[in-house]
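Single-structure report; data block below.
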Amino acid sequence: MSSDPLIQLEGITKTFGSGDAAFQALKGVDMSIERGDFVAVMGPSGSGKSTTMNILGCLDIPTSGIFRFRGTEVQSLTRDQRSLLRRRYLGFVFQGFNLLARTTALENVELPLLYRGESKAERRKAGLRALDMVGLVPWAGHTPAELSGGQQQRVAIARALVTQPDVLLADEPTGNLDSERSIEIMELLTELNQSGITVLMVTHEEEMAAFAKTIVRFRDGVVERIESGTRSAQITEASG
Amino acid sequence: MFGIFGATLLLSLREIRRHLMRSFLTTLGIIIGVAAVITMVTLGNGVTASVKEDISSLGANVYIIFPVRTERGSPRPFDEADVNAVANQIAGVEAAAGSASAAATAFHNGQNWSTSVNGVNNEFLRAQSIDLAEGRSFTAAEETAGQNVCILGPKVREAIFVPDVSPLGEEMRLDSVSCTVIGVLEERGQGGGGRDEDNVVMMPLKTVQRRFTGDDTIQFFVVKYDAAYSSASIQTGLIDLLRERRLLQEGQENDFNIIDTAQVNQALGTAIGALTGMVAAIAAISLLVGGIGIMNIMLVSVTERTREIGIRLAIGALAKEVQLQFLTEAVVLCCLGGLVGIVLAFGLSFGLAAAVGVPFVFDPMINILSFIFSAAMGIIFGYYPARRASKLDPIDALRHE
Ligand SMILES: Nc1ncnc2c1ncn2[C@@H]1O[C@H](COP(=O)(O)OP(=O)(O)OP(=O)(O)O)[C@@H](O)[C@H]1O
Ligand SMILES: [Mg+2]
């Protein structure tokens with residue numbers, strides 16, 4: 001089992017709508033991702049990146065094809081079974097933060113633990129630890145409206161991390177940030193990846209993709225190309 | 001499990017506080033419904049209690065018989081012989097006692113006071129459960145000889161006698177008749193027909209007939225009967241006997257009336273039952289309207305918070321957990337409404353009872369029932385919006401602006 005890839009997609013298609021209005025967003029996606037990988041998903045707008053991420057994040061199911069996560073065929077699970085997978089193994093950073101308004105950073109981060117049934121004390125401890133990882137402990141009591149975009153994105157990442165997930169999925173985590181903040185976020189993701197978390201990230205910018213180990217390029221609902229990233233080379237260069 | 005439940009509870013309280021005005025307006029239907037029901041029931045209890053007390057002051061298992069006007073002319077009074085016939089000839093009658101009364105002015109100590117003098121005997125006092133605060137009732141000799149002894153109503157005692165000094169043994173005058181005070185009645189308050197039962201002087205029936213009314217008629221009489229007998233059969237016997245004695249022809253209507261305290265009690269119970277039923281119906285409608293208001297606002301809330309629901313679902317909340325959250329919110333809202341209603345009803349019924357002059361009879365049952373009913377409203381009308389929230393698709397919900 002451990003020799004299986006963590007994530008395996010076989011002939012995934014996704015059709016939105018039906019009849020004349022039907023639109024096939026994914027037209028047969030095949031790929032597999034190993035544990036510990038850092039994948040950047042790239043491609044033009046509308047090529048199916050978010051659709052794929054939603055399927056990988058067990059938020060959506062493919063119209064056809066097989067999606068194996070840790071050996072389980074996700075496409076045949078019920079809604080609640082997929083929820084359980086999400087709360088146990090997955091952390092999702094959404095396109096555009098998606099924090100609860102009027103709720104403090106710490107409470108936002110604690111939220112996934114609530115649904116795991118952890119005690120208030122445990123939630124607090126883990127929440128502060130996750131905020132510490134993104135360097136936001138001093139802002140624990142602030143609501144999203146009182147935080148900058150970069151800080152909000154880091155709260156969103158802390159929320160995805162707090163359950164110590166196997167996989168971190170991030171849909172354009174730097175889409176709303178300037179390049180300085182973006183690089184901070186990328187450094188954070190790199191650190192997390194080095195600590196053993198498998199990271200999948202959608203990005204439009206080559207500069208950000210450069211942090212990844214693997215780059216998957218989408219076009220028109222299929223995987224056009226899979227490349228190995230430049231990061232290992234950079235690291236070797238830097239240390240050499 | 002408790003963790004999530006406690007957190008859900010806190011969350012709903014916070015959500016309610018966030019929209020305080022809206023929450024208040026939403027629950028107004030429930031507040032008014034609950035307050036109305038409890039106030040009506042509490043006041044109803046007070047009225048029942050006060051009427052029951054009036055009735056029991058007439059005595060239990062007692063008829064009151066009095067002449068009435070007919071088309072043939074003005075009421076014909078009864079006399080002593082009628083009372084004796086009833087007492088002796090009808091099975092089940094334990095005692096019968098008549099009363100004659102007249103208006104009189106009481107004099108004592110240079111003061112005067114208008115009152116009424118009632119001619120009765122001890123049998124009457126017993127049948128009507130009239131008790132003495134001090135002194136004694138009439139002796140057999142005083143009754144048969146028609147002696148000039150009197151028992152004061154508390155109002156009369158207060159009006160013309162020195163306070164804190166026993167009036168027993170004092171001489172007083174009623175119109176031109178002087179008499180010796182032998183007792184004082186206990187306070188009885190307002191009687192039937194607004195008569196003040198405390199502004200009265202009791203004397204032996206004979207005395208009043210001889211010295212005040214000038215004949216041997218009596219204005220009404222009371223009949224105490226044995227509860228083991230059927231009231232209907234005694235009444236039939238009474239009517240037959242009195243018709244015969246008053247020489248009424250077949251087909252002529254009765255020229256007297258019999259009031260049965262047990263029947264009045266029963267009629268009162270029926271009337272209050274009907275009233276309660278009506279109140280319940282009004283309350284049900286008001287609560288239904290309130291419940292629909294709750295459902296409406298909960299649906300608005302679900303729409304407003306679509307994104308929040310999406311986030312919760314996306315980070316792993318189960319459908320039933322989202323459902324629980326919204327259901328809890330509706331139930332908490334309704335329970336708060338119920339509590340406000342209960343507090344409001346307490347103040348309202350307390351004030352109204354005082355204003356109307358009936359006792360305030362707190363009924364814990366109706367308060368508890370109303371509260372449970374409010375909570376049930378929350379479950380019934382919160383269910384659909386909560387279910388709708390839990391059925392949202394996380395991706396669509398996250399996209400929602
Ligand atoms: N719920 C939906 N209903 C209908 N069409 C959809 C839906 N979601 C996505 N699509 C369509 O599927 C295609 C792929 O969408 P997707 O969001 O995966 O693109 P993307 O690669 O993430 O693009 P972007 O870089 O702009 O985010 C698009 O043409 C989009 O319009
Ligand atoms: Mg996208």
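What number of residues in the stretch A:55-94 are more than 9 Å from chain B (Cβ to nearest Cβ), assigned to a strand (DSSP E or B) and open to solvent by less than 40 Å² (accessible area, probe 1.4 Å)?
Final tally of qualifying residues: 4.
Note down all Cβ pairs under 8 Å where the first residue falls in the stretch B:328-351 and is among the acidic types (Asp, Glu), the second is open to solvent by 40 Å² or more (accessible area, probe 1.4 Å), and they're at least six residues apart or on different chains.
Note: no pairs meet the criteria.
I'd like the full set of residues that are open to solvent by 10 Å² or more (accessible area, probe 1.4 Å) and not in a loop (DSSP other than H, G, I, E, B), limited to the stretch B:378-393.
B:379, B:380, B:381, B:383, B:384, B:387, B:388, listed by residue number.
Under 30 Å from residue B:134 (Cβ atoms), modelled with pLDDT under 90 and within 34 Å of the chain's Cα centre (by Cα): does that describe residue B:183?
It is false that residue B:183 is under 30 Å from residue B:134 (Cβ atoms), modelled with pLDDT under 90 and within 34 Å of the chain's Cα centre (by Cα).
Please work out if residue A:123 is touching an Asp or Glu at 6+ places or on another chain (Cβ under 7 Å) and either more than 22 Å from residue A:59 (Cβ to Cβ) or more than 16 Å from ligand 2 (Cβ to nearest atom) (or both).
For residue A:123, the condition - touching an Asp or Glu at 6+ places or on another chain (Cβ under 7 Å) and either more than 22 Å from residue A:59 (Cβ to Cβ) or more than 16 Å from ligand 2 (Cβ to nearest atom) (or both) - is met.
Checking the condition modelled with pLDDT under 95, surrounded by fewer than 20 Cβ atoms within 10 Å (Cβ to Cβ) and within 14 Å of chain B (Cβ to nearest Cβ), which residue from A:156, A:121, A:160 passes?
Just one listed residue meets the conditions, A:121.
Of all residues in the stretch B:295-327 being of a type in the set (Gly, Ala, Ser) and in contact (Cβ under 8 Å) with a residue 40 or more places away in the chain, which is farthest from residue A:114 (Cα to Cα)?
B:301
Residues that are in contact with a helix residue (DSSP H, G or I) (Cβ under 9 Å, 6 or more places away or on another chain), part of a helix (DSSP H, G or I) and of a type in the set (Asp, Glu): does the stretch A:101-117 have at least one?
Yes.
For the stretch B:264-281, state whether one or more residues are open to solvent by less than 20 Å² (accessible area, probe 1.4 Å), in contact (Cβ under 8 Å) with a residue 40 or more places away in the chain and not β-branched (Val, Ile, Thr).
No - not one qualifying residue is present in the stretch B:264-281.
Of the residues that sit in the stretch A:20-65 and are without any contact (Cβ under 8 Å) to a residue 40 or more places away in the chain and at positive phi, which one is nearest to ligand 2 (Cβ to nearest atom)?
The extreme case among them is A:46.
Quick check on my filter: what residues within the stretch A:130-144 are within 14 Å of chain B (Cβ to nearest Cβ) and either under 22 Å from residue A:187 (Cβ atoms) or open to solvent by 90 Å² or more (accessible area, probe 1.4 Å) (or both)?
A:130
Between a first residue in the stretch A:169-198 that is touching a residue at least 24 places away in the same chain (Cβ under 8 Å) and part of a helix (DSSP H, G or I) and a second residue that is within 16 Å of ligand 1 (Cβ to nearest atom) and not hydrophobic (A, V, I, L, M, F, W, C), which pairs have beta carbons less than 8 Å apart while being 6 or more apart in sequence or on different chains?
From the stretch A:169-198, the pairs are A:181/A:174; A:182/A:174; A:182/A:205; A:185/A:173; A:185/A:174; A:186/A:174; A:189/A:173.
What is the one condition in (1) touching a Leu at 6+ places or on another chain (Cβ under 8 Å); (2) away from chain A (no Cβ under 14 Å); (3) of a type in the set (Ser, Thr, Tyr) that residue B:286 does not satisfy?
Of everything listed in (1) touching a Leu at 6+ places or on another chain (Cβ under 8 Å); (2) away from chain A (no Cβ under 14 Å); (3) of a type in the set (Ser, Thr, Tyr), residue B:286 misses just condition (1).
So if I check each of A:46, A:127, which one is open to solvent by less than 40 Å² (accessible area, probe 1.4 Å) and either within 16 Å of ligand 1 (Cβ to nearest atom) or more than 11 Å from chain B (Cβ to nearest Cβ) (or both)?
Matching residue, one of A:46, A:127: A:127.
For the stretch B:49-58, state whether one or more residues are buried (at least 16 other Cβ atoms within 10 Å of the Cβ) and outside any helix (DSSP H, G or I).
For the stretch B:49-58, residues buried (at least 16 other Cβ atoms within 10 Å of the Cβ) and outside any helix (DSSP H, G or I): absent.
The values are calculated or read from the model by the stated rules, or taken from the named source; none is laboratory data. Note that the structure is predicted; figures quoted are calculated from it, not measured. Cβ atoms come from the backbone with ideal geometry, glycine included; neighbour counts cover every protein chain shown. With ligands, DNA and RNA removed, areas are computed over all heavy atoms of the protein, side chains included. Shrake-Rupley method; radii C 1.70, N 1.55, O 1.52, S 1.80 Å.
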